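Step one of this worksheet: look at the structure below.
The values are calculated or read from the model by the stated rules, or taken from the named source; none is laboratory data. Remember, predicted model here, so these are calculated numbers, not experimental data. Positions of Cβ are backbone-derived with ideal geometry, glycine not excepted, and every protein chain shown enters the neighbour counts. All accessible areas refer to the heavy atoms of the entire protein, side chains included, with ligands and DNA or RNA removed. Shrake-Rupley method; radii C 1.70, N 1.55, O 1.52, S 1.80 Å.
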Amino acid sequence: MTIETQTTMKLTRRLRRLRHGETMRAIVRETRLTPEVFMLPLFVCEGEGVRREVSSMPGVFNLSVDEAVKEARAAAGDGVRSVLLFGLPDHKDSVGSASYDPEAPVQSAVRAIKRELPEVLVATDVCLCEYTDHGHCGIIVGNEVANDPTVEQLVRAAVSHATAGADIIAPSDMMDGRVGAIRQALDERGFENTAIMAYAAKYWSVFYGPFREAADSAPKFGDRQSYQMDPANADEAMREVEQDIEEGADIVMVKPALPYLDVLSRVKTTFRYPTAAYQVSGEYAMIKAAARNGWIDERRAMLETLTSIRRAGADIIITYFAREAARAIR
């Protein structure tokens with residue numbers, strides 16, 4: 001066939017037809033973002049009137065309870081109706097006892113948000129890293145994080161969050177058996193309607209760095225390889241998710257999001273369960289930094305990455321971009 005023949009052939013299938021104009025592109029768009037799928041993380045500290053920006057996360061703040069309520073109200077106004085709370089206590093100890101203090105920042109913020117904004121869905125992170133003076137996610141015995149004593153503390157924290165009024169408990173520690181123990185404790189105390197969103201496949205990742213600044217939770221020694229997942233493993237993630245579902249998780253999560261889209265897709269396809277993905281602090285900070293240097297378009301990068309997470313199978317996207325993204329797509 002000659003070049004002349006090729007160029008004069010009539011094309012019956014022109015894929016570009018459906019890319020002509022924004023209205024056409026929109027009507028055939030396969031993956032759509034809506035504000036309802038976003039969950040906004042909030043870092044809650046002690047004090048009043050505190051709104052302190054995290055240097056490595058432009059636009060993200062440590063917030064006192066009163067400011068957290070304001071942020072949740074503003075997010076709801078943008079269409080983002082769910083928040084995930086992390087606690088930043090003034091006092092830390094070796095066993096993370098502030099994690100289950102009924103007057104701690106998270107518990108206080110849960111009560112305040114549910115009182116002022118009852119329609120907002122409140123999830124609470126359950127882990128000890130923000131509460132221990134050594135920065136690890138559990139209790140240290142010898143030189144290791146001890147699984148079962150840590151689970152006991154996590155149960156105490158989860159019950160205190162549920163008592164305060166949390167809608168969703170989100171254990172992020174990666175201890176074995178903690179989902180089952182939390183589910184049993186909640187049910188025994190009459191919190192059978194409180195959901196569990198398990199950080200089921202949480203990887204040992206370099207992308208948590210800015211979060212550790214925000215929460216002052218970097219380990220004082222060693223690292224978290226003995227309890228967070230090896231980035232090389234995907235089959236193991238399936239076992240972790242399956243176990244958490246068997247123990248009573250209502251929602252499962254993959255964290256981080258972008259480096260593990262393959263895992264996210266496998267989890268959703270395999271289990272057909274409500275699935276969350278966390279676009280973590282490092283993912284957020286990289287986009288912000290590149291945009292500030294003029295290397296990428298921030299809005300497009302934000303929406304492209306969030307769309308990829310949604311396309312891979314996420315029903316819920318936990319992201320620091322939640323409010324910006326919601327405003328961009330409305």
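A cut-off under 13 angstrom between Cβ atoms defines the neighbours of residue 54, and their net charge, with Lys, Arg +1 and Asp, Glu -1, is +1.
Of the residues 87, 77, 138, the one that moves most in a GNM of the chain with alpha-carbon contacts below 10 Å is 77. Computed with a 1.4 Å probe on the full set of protein chains, the accessible area for residue 24 sits at about 70 Å². Convex hull volume of the Cα atoms of segment 253-323, normalised per residue: 71 Å³. Lysine pair count for the chain (Cα-Cα distance under 29 Å; residues 8 or more apart in sequence or on different chains): 19. Spatial offset of segment 28-49 relative to segment 140-192 amounts to 24 Å, using the alpha carbon center of each. Note: relative contact order over the chain, using C-alpha pairs below 8 Å and six or more positions apart, is 18 percent. Computed from point charges on the beta carbon alone (+1 for Lys and Arg, -1 for Asp and Glu), the dipole magnitude for segment 252-293 about its Cα centre is near 80 Debye.
Peptides 199-209, 163-173 ordered by packing proxy, namely the average of other Cβ atoms within 10 Å per residue, highest first: 163-173, 199-209. In a reduced charge model with +1 at each Lys and Arg Cβ and -1 at each Asp and Glu Cβ, the chain shows a dipole moment near 2240 debye about its Cα centre.
The alpha carbon convex hull volume per residue for the chain rounds to 168 Å³. Take each peptide in 220-231, 149-160, count the other Cβ atoms within 10 Å of every residue, and average; sorted highest first, the result is 149-160, 220-231.
If we count every other residue with Cβ under 12 angstrom of residue 248's Cβ, Lys/Arg +1 and Asp/Glu -1, where does the sum land? Net charge around residue 248: -4. For residue 125, what charge total do you get from the other residues with a beta carbon under 12 Å from its beta carbon, if Lys and Arg give +1 and Asp and Glu give -1? My count for the surroundings of residue 125 gives 0. Once a ≥ b ≥ c are taken as the square roots of the eigenvalues of the Cα gyration tensor of segment 43-201, is the result rounded (a/c under 1.5), prolate (a/b larger than b/c) or oblate (a/b not larger than b/c)? Cα axes put segment 43-201 in the oblate bin. Peptides 95-106, 110-121 ranked from most to least packed give 95-106, 110-121, packing being the mean of other C-beta atoms within 10 angstrom over each peptide's residues.
Considering only 267, 293, 252, the residue lying farthest towards the positive end of the dipole of segment 226-321 is 293, judged by Cα position with unit charges set on Cβ.
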